[in-house]
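Note sheet for the following structure.
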Amino acid sequence: MRFLETIRAGGKPILSTATTVSMMSNQIGSLMGPQPGIGFGFGGAVVVDPAAAHTPQSPGTWQWGGVYGHSWFVDPARKLTVVAFTNTGLEGMWGKFTTDLRDAVYASVR
């Protein structure tokens, strides 16, 4: 969480501003990411088009998860950093749990 917050706030003193921007920017242009509206940066998946991705997240939100059930996302526009650790395998990485958690967070900040 501390590392993600540091990156969200600009990266200093761990990373340069240029590296931080590269991590949070789509690096694959118009190539298809893991789903419509999602690209890839050097730090994970990046929301390019929230409508196409069917997400309430802001453009530029970056996210990732692990096969054993952790996930996180950082929405710099809304100053949100969310980390979830579960023992749910794929569900905690890229399943209903992650979308329900995301939707609950955004419903509370509207």
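No lab work stands behind these numbers, since they all come straight from the coordinates. Everything quoted here is computed from the prediction, not taken from an experiment. Here Cβ is always computed from backbone atoms with ideal geometry, including for glycine, and neighbour counts include all displayed protein chains.
Annotations for the structure displayed:
- Here F3, F40, F73 are placed in order of increasing Cβ neighbour count within 10 Å, fewest first, which gives F3, F40, F73.
- Both numbers refer to the Cα atoms of the chain; Rg and Dmax are 13.4, 36 Å.
- Amide proton proximity set for H70, modelled H, under 5 Å, gap of 5+: T86
- Scattering profile of region 59-104 at q = 0.31, 0.33 Å⁻¹ [log10 I(q)/I(0), Debye over alpha-carbon scatterers]: -1.10, -1.17
- Highest mean packing comes first when the peptides 52-63, 17-28 are listed by Cβ atoms within 10 Å, giving 52-63, 17-28.
- DSSP bridge pairs, the chain: antiparallel proportion in percent, nearest 5: 100
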